[in-house]
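This report refers to the structure that appears directly beneath it.
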Amino acid sequence: MRIAVIYPGLQASDYWRRSVLSLQSRLREIGVPHEIESHFTRPGSEIREQARLISQALTQDPDYLVFTLDAFRHRVIVEQLISGGRPKVILQNITTPLRSWGKAQPFFYVGFDHTEGTRLLIEHILADDMAGVTDFAILYGPPGYVSSARGDSFRTALAEQPDKTLVASYYVGFDREKARAAALTLLQRNPEVDFIYSCSTDIALGVIDAIETLGLQGQVQTNGWGGGSQELAEIAKGRLAVTVMRMNDDNGVAMAEAIALDQLGRSDDVPLVYSGEFALVTQAHDGAKIEALKTRAFRYSQ
């Protein structure tokens, strides 16, 4: 049984790499013979390369193809795969089925609901712990589904707060250096900004770089998104205020279980969508609590 995986995994976040490891580990644990061929590209900027890798993978006639859906041009690729009937398509990092596809849906949607994760961050920022945040900015990733789900839902929620003012927003891609450059410009032009909402790990790291370059530690805060290894390290150092941590390996396990059921002829038992769990992590968490969350989140990929 062959699985082709094509991920935008060339980024600081270890989410995608851990997804492959947890999928592989769970398949081994439940005794499903398999071969996994994985390819990583840069996020949001290599649509043609992703299409080429899919074409290459199809020459091996895989049983399943794991991909994502973010940029608009991904839709055309996925629609062609679904219409072909084989391989069965698993869409990762999206948990909201496209209504326009009607009944012609992929085999499985899997990931962590971006709006739900953002809601946890919003609740924390509006709570007493961060009530001092008044002027904020948003750094989006590339235009697409993830940026919209994470960024626009944050923007809408804070627009309802009379004491919160959106000063600026930029699309920087999931790119640390572009996020750093944008944050430097933003903070120099708008010294009143006290919080920058980061839509990904790489963006958060770039913002931290800019804050340190300008000597604004303690005056400007930012968040992480995903709670991977690097984000947790930055929280431990006191450089990151808060993150929403995915129980990362939930998605790899879910894919393995769906594939196992399908191989047993029980595809009707596979739900269309699986969304994993989150935990909010702040600097108030002690080391033991964070280690317990890491043990749970990375139980198959560590």
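All of the numbers you see were taken from the coordinates with simple rules; none came from a lab. As the structure is a prediction and not an experimental result, all values here were calculated from the model. For neighbour counting, all protein chains shown are included, and Cβ atoms are generated from backbone atoms with ideal geometry for every residue, glycine included.
What is the antiparallel percent of DSSP beta bridges lying wholly in the range 114-225, to the nearest 5?
Among the beta bridges of the range 114-225, antiparallel pairing accounts for roughly 0 percent.
Using the Cα gyration tensor of the range 114-225, with a ≥ b ≥ c the square roots of its eigenvalues, what is the shape: rounded (a/c below 1.5), prolate (a/b larger than b/c) or oblate (neither)?
Oblate, because a/c is 1.5 or more while a/b does not exceed b/c.
Enumerate by residue number the trypsin sites (Lys or Arg not before Pro) in the range 193-302 meeting two conditions: DSSP loop (anything except H, G, I, E, B), and at most 13 other Cβ atoms within 10 Å of the site's Cβ.
K237, R266
Tell me the relative contact order for the chain as a rounded percent, counting alpha carbon contacts under 8 Å between residues six or more apart.
Reported as a whole number, the value is 20 percent.
Please report the antiparallel percentage of DSSP beta bridges with both residues in the chain, rounded to the nearest 5.
Expressed as a percentage, antiparallel bridges in the chain total about 15.
What's log10 of I(q)/I(0) for the chain at q = 0.08, 0.12, 0.15 Å⁻¹, Debye sum over Cα points only, no solvent?
Taken in order of the listed q values, log10 I(q)/I(0) reads -0.36, -0.78, -1.15.
Roughly how big is the chain's charge dipole about its Cα centre, with Cβ charges of +1 (Lys, Arg) and -1 (Asp, Glu), in debye to the nearest 20?
Roughly 680 debye for the chain.
As a test of the formula, what do you get for the chain when each DSSP H run with n ≥ 4 contributes -39,500 (n - 2.57) and the sum is divided by the residue count, at 222 nm and rounded to the nearest 500 deg cm²/dmol?
-12500 deg cm²/dmol
Report, for the range 193-283, the % of DSSP beta bridges that are antiparallel, rounded to 5.
The antiparallel fraction comes to roughly 55 percent.
Name the long-range amide H neighbours of T68: under 5 Å, sequence gap of 5 or more, or other chain; modelled H, no Pro or chain starts.
Those qualifying (amide H under 5 Å, at least 5 residues apart or on another chain) are Q92.
List the aspartates and glutamates whose Cα lies under 20 Å from the Cα of K164, skipping any in the same chain that are fewer than 8 positions away.
Partners found: E123, D128, D129, D135, D152, E192, D194.
Can you tell me which lysines have their Cα less than 25 Å from the Cα of K289? Leave out same-chain residues fewer than eight positions away.
K237
Output the peptides 177-189, 90-102 sorted from most to least packed, where packing is the average of other Cβ atoms within 10 Å over each peptide's residues.
Final packing ranking: 177-189, 90-102.
Hey, with R₀ at 45 Å, roughly what FRET efficiency would Q263 and E160 work out to, going by the Cβ-Cβ distance, to 0.05?
So the FRET efficiency works out to roughly 0.40.
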